[in-house]
Amino acid sequence: MSKVFGFAGENDFCPGGPIYTNHKEQNLFLSIGRPVDVYFPSRKRSRISAPFVFTEERFEQKKQASIEVLPDECLFEIFRRLPGGDERGACACVSKRWLSLLSNICKDELCSQNESAKKNTQVKSEVEDEEIEGDGYLSRSLEGKKATDIRLAAIAVGTASRGGLGKLFIRGSNSSQGVTKVGLRAIARGCPSLKVLSLWNLPSVGDEGLSEIANGCHKLEKLDLSQCPAITDKGLLAIAKSCPNLTDLVIESCTNIGNEGLQAVGQHCTNLKSISIKNCPAIGDQGIAALVSSATNVLTKVKLQALNITDVSLAVVGHYGKAVTDLFLTSLSNVSERGFWVMGNGQGLQKLKSMTVASCVGLTDTGLEAVGKGCPNLKQFNLHKCSFLSDNGLVSFAKSAVSLESLLLEECHRITQFGFFGSLLNCGANLKAASLVNCFGIKDLKLDLPELSPCKSLRSLSIRNCPGFGDGSLALLGKLCPQLQNVELSGLQGVTDAGFLPVLENCEAGLVKVNLSGCVNLSDKVVSVMTEQHGWTLEVLNLDGCRRITDASLVAIAENCFLLSDLDVSKCATTDSGIAAMARSNQLNLQVLSMSGCSMISDKSLLALIKLGRTLLGLNLQHCNAISSSTVDVLVERLWRCDILS
């Protein structure tokens, strides 16, 4: 047979022999058409590659077969028959299409495996779970630009065979690639074991996404919704109906969630133990009342902040909060004195142990006294920015709260020296800690108090940034509180040696932690007396900003404080001699040393710091301008187990 066509090149096809002697066998190689013979040269390879599709007019290369031509339905059936999670995870890495299909397969849609394969997969999964997380549930967190639907789909597929996802935290952004209902649908279908879900700043997530979670994650126990404006009562209703095990609910800045959603939660979630609701303008008394009254025997923690609720809500809390142990009330502008009075007289807060009230103008002396009487087991009480509270109310409260162990007053400017000392003297024998922060009503007045029994139960005293607190007040505290162990006097420029020395002399138990930061008028004499009388118990000493502290104090510390582990002499007048004195001590075992801003400490202290570094775990050399970078490099190399800030 002659040449079938001309071939452009150095040589044409030459006569040889047909590939198939029988023309019927040509269909194994050629497309169906008119029978033709293909001749190959016996002396030279062909310059074209088979297979070809030949016709009379032209020829073209045959297309490669690909699994991608299969429709989604076929791929879905293939994927759900894969033997294990590793295989599904490998397939998910092929393309976004495959990942999307795999993430939409529910656990009950997977085909059952044979017993041996199932057993092997189970054993392997258990080993991997033990390596990753001991309790058998994995945690994942996505933040910012990483919070996308694609990543959620990958999490759903990747965690399914490794014990299952137990906790998911999503901190989104306002980007166009953020999380939507598609990502939450993948989590709902692939992670039925999810127990904790936190959604923050996700404007694209609405009721449909939350409904997907409700339909697929029936084990959900904790739900945190913050800045999700597209979620309404409808989404919360779906959660309430499908997640009966819900115990913790946090709703913050969700403008479209109102009373109806909270009523549904109260009706269906009978195990609710903790609620925190903040800055939700659509939530009022009806929602709070329904939520609290329906969980009267199990609800232990209630936090209400910046809500449009009135005295009615506080009355419900006071009557139905029989199991409440922690109560936080913040920025409730519509609550009056009557609300706090009714709450205290409701006789329902018998188990209350901790209470915080902040920025509530309705809290007055009358309401505070009622709270003290109505909460006989109250142990911790914090007051912030309560501008209408005075000395009389504080003293009356202290007399009523017989179980009180900790008292904090911050920015309560009508509280004076009389109220603070009166509360210490009348709080009973259980008070262990007292704090006074930014209270400008405190003035250093001379008080002629009669002989009073000291407050021997107080162990911790903190006075911070109260400019009127001076030597007279401090000396009186030293007499009233002989069992102090932890003392914090921060930012008190009016305190001198004359005020602090009586505290040291009257302290019988031995000081353990002392913070004198910002007390610029204290001198070496205070440190000398303190180390001599309390060096055998002192563990933490902060002298940050005490500019009159010199090397003499470091020498006293080196000689007497063998238990001291944390020392801060930042911005003090210490030099290389003081550091050398501490290095010579064979019994000093410092773990943390801060010398930030000590301009008179130089490279000469290198050897001393290396010697101290045998026990140091942290060293702060920031703003020590006389210490060169080469010295810091040597310290970093030699003190390999110590974290150095420079």
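The values are calculated or read from the model by the stated rules, or taken from the named source; none is laboratory data. None of these values were measured; they are calculated from a predicted model. Every residue, glycine as well, gets a Cβ built from its backbone with ideal geometry; the counts of neighbours run over all protein chains shown. The accessibility values were calculated without ligands, DNA or RNA, using every heavy atom of the protein model including side chains. Shrake-Rupley method; radii C 1.70, N 1.55, O 1.52, S 1.80 Å.
Points worth noting:
- Surface composition of region 536-645: carbon plus sulfur atoms hold 51% of the accessible area, using a 1.4 angstrom probe and ignoring ligands, DNA and RNA.
- Cα centroid of region 330-348 to Cα centroid of region 592-626, whole Å: 54 Å
- Heavy-atom accessible area per residue - region 407-509, 1.4 Å, Å²: 42 Å²
- Global geometry of region 239-314, whether rounded, prolate or oblate, following the gyration tensor of its Cα atoms and the 1.5 cut on a/c: prolate
- Residue-normalised accessible area of region 536-645, expressed per residue, 1.4 Å probe, Å²: 48 Å²
- Gain on full stretching of the segment that runs from Asn382 to Asp603 - 0.36 nm per residue minus C-alpha separation: 74.8 nm
- Pairwise Lys count, region 407-509 - Cα closer than 20 Å, eight or more residues apart or different chains: 5
- Of the trypsin sites (Lys or Arg not before Pro) found in region 502-589, those that fall in a DSSP loop while having at most 16 other beta-carbon atoms within 10 Å are Arg547.
- Given Lys513/Lys571; Lys219/Lys351; Lys351/Lys373; Lys195/Lys353, the pairs whose alpha carbons are separated by over 22 Å: Lys219/Lys351; Lys195/Lys353
- Extension gain from Gln286 to Glu637, taking 0.36 nm per residue of separation minus the Cα-Cα distance: 119.9 nm
- Proximity of backbone amide H atoms, modeled 1.01 Å from N, is registered between Glu488 and Leu461, Ser462, Ile463, Asn515 at under 5 Å, excluding neighbours fewer than 5 places apart on the same chain.
- Binning all Cα-Cα separations of region 407-509 at 5 Å, short to long from zero, yields these whole-percent fractions: 2, 13, 26, 28, 22, 7, 1.
- Counted by Cβ distance under 13 Å from Asp224, the other residues give a net charge of +3, where Lys and Arg count +1 and Asp and Glu count -1.
- Full-stretch length increase - Ser596, Thr537 - with 0.36 nm per residue and alpha-carbon distance subtracted: 18.7 nm
- What separates the Cα centres of region 205-252 and region 460-500 is a distance of 50 Å.
- Rounded accessible area of Phe169 (nearest 10 Å², 1.4 Å probe): 60 Å²
- Per residue, region 165-271 exposes an accessible area of 37 Å² to a 1.4 Å probe, with every protein chain left in place.
- Shape call, region 536-645: gyration tensor on alpha carbons, a/c limit 1.5: oblate
- Other residues whose C-beta falls under 14 angstrom from the C-beta of Lys351 contribute a net charge of +4, scoring Lys and Arg +1 and Asp and Glu -1.
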